[in-house]
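Working notes, beginning with the structure itself.
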Amino acid sequence: GRVPNPTRFNPWAPGTTADAGIHQFMGESFWCVEYAQGEIINVLAKSPPIYNDDFTEMTVELREGIYWSDGVEFTAEDVIFTIETLKANPGMSYSIELGMYVDEIYKTDDYTVVFELAEPNSRFHTYFLDRWGACRFMPKHIWEGVEDPITFNNYPPVSLGQYALKQIDPGGYWFLWERR
């Protein structure tokens, strides 16, 4: 198929087509389901989610040594920034869900994020579990200067995935991704 705007790499905004490789090459989530083996793989998280006894708090320990495609390290700051940005911008993907469930988000160190939930939710982690898509993260160092995150194209994209965008067809028919 053809992507109408080949420079639109904002997966959180309405009208963005994932056919450009956004979900396949660019983004990563905390966890991913591997169906062939029936396992959940830790991707950005180094362990499964840690809930408190009444499921009103979820802690995520991030893996260290993960870098954005521009060389900046991925940390708890990126996670917090993403959640706060999505909550603050109705119309963006996951804005409603995160607004409903996340009362507060904070870090205890550069690699540990705590989600305080508005109500008990033993399945909250599934928003960050890639089965056929999941909430992915924004590089804070790129997005913090963006005036309107809904209209921001995010081009060229800075990615966490195994690939970085190398070239596009201006007509929107193909995208060349290079393995990092």
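The values are calculated or read from the model by the stated rules, or taken from the named source; none is laboratory data. The structure presented is a predicted model; accordingly, all values stated were derived computationally and were not measured. Reconstructed Cβ throughout: ideal geometry from the backbone, glycine too, with neighbour counts over all protein chains shown. Surface areas here come from the heavy atoms of the whole protein model, side chains and all, with no ligands, DNA or RNA. Shrake-Rupley method; radii C 1.70, N 1.55, O 1.52, S 1.80 Å.
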(Q) Can you pull out the chymotrypsin sites (Phe, Trp or Tyr not before Pro) in segment 129-180 whose DSSP state is coil and whose Cβ has at most 11 other Cβ atoms within 10 Å? (A) Trp132, Tyr173
Q: Note down the nm distance, to one decimal, between modelled labels 7 Å out along Cα→Cβ at Tyr35 and at Gln162.
A: 1.8 nm
Q) What angle do you read, to the nearest 10 degrees and between 0 and 90, between the alpha-carbon axis of helix 76-88 and the longest principal axis of the chain? A) 80 degrees
Q | Label selected from (1) 19; (2) 51; (3) 22, the criterion being percent of Cα pairs over 28 Å apart as computed here | A | (3)
Q: May I ask you to evaluate 6.51 cos²θ - 1.76 cosθ + 1.60, the Karplus curve with θ = phi - 60°, for each residue of segment 159-172 and list the ³J(HN,Hα) values in order in whole Hz, giving x for glycine and proline?
A: 10, 9, x, 6, 10, 10, 5, 9, 7, 10, 8, x, x, x
(Q) Suppose all protein chains stay in the model; what accessible area per residue would a 1.4 Å probe give for segment 1-66, in Å²? (A) 50 Å²
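Report, in deg cm²/dmol and to the nearest 500, the calculated mean residue ellipticity at 222 nm for the chain, where each DSSP H run with n ≥ 4 adds -39500 (n - 2.57) and the sum is divided by the residue count.
-3500 deg cm²/dmol
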Q | segment 23-180: antiparallel DSSP beta bridges as a percent of all, rounded to 5 | A | 90 percent
Q: Could you tell me which of Pro6, Val114, Tyr155 has its Cα farthest along the dipole of the chain towards the positive end, charges placed at Cβ (Lys, Arg +1; Asp, Glu -1), taken about the Cα centre?
A: Pro6
**Q.** Carbon plus sulfur fraction of accessible area for segment 135-180, probe 1.4 Å, in percent
**A.** 49 percent
(Q) Let me spell out the model: positive unit charges on the Cβ of Lys and Arg, negative unit charges on the Cβ of Asp and Glu, origin at the Cα centre of the chain. What dipole size does that give, in debye rounded to 20? (A) 880 debye
(Q) Running a GNM on the chain with Cα contacts under 10 Å, which residue among Asp53, Asp110, Asp78 ends up with the highest mean-square fluctuation? (A) Asp53
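Using just the alpha carbons, could you tell me how many Å³ per residue the convex hull of segment 76-161 encloses?
112 Å³
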Q) What are the lysines whose alpha-carbon lies under 16 Å from the alpha-carbon of Lys107, with same-chain residues fewer than 8 places away excluded? A) Lys46, Lys140
Q) Which trypsin sites (Lys or Arg not before Pro) from segment 65-125 combine a DSSP loop assignment with at most 12 other Cβ atoms within 10 Å? A) Arg123
Q. Hey, got the dipole for segment 126-180? About the Cα centre, +1 on K and R Cβ, -1 on D and E Cβ, debye to the nearest 20?
A. 300 debye
Q) Residue farthest toward the positive end of the dipole of segment 25-119, with Cβ of Lys/Arg at +1 and Asp/Glu at -1: which of Ile80, Tyr67, Asn52? A) Tyr67
Q.
Out of the GluC sites (Glu not before Pro) in segment 79-180, which ones are loop residues according to DSSP with at most 13 other C-beta atoms within 10 Å?
A. Glu144, Glu147
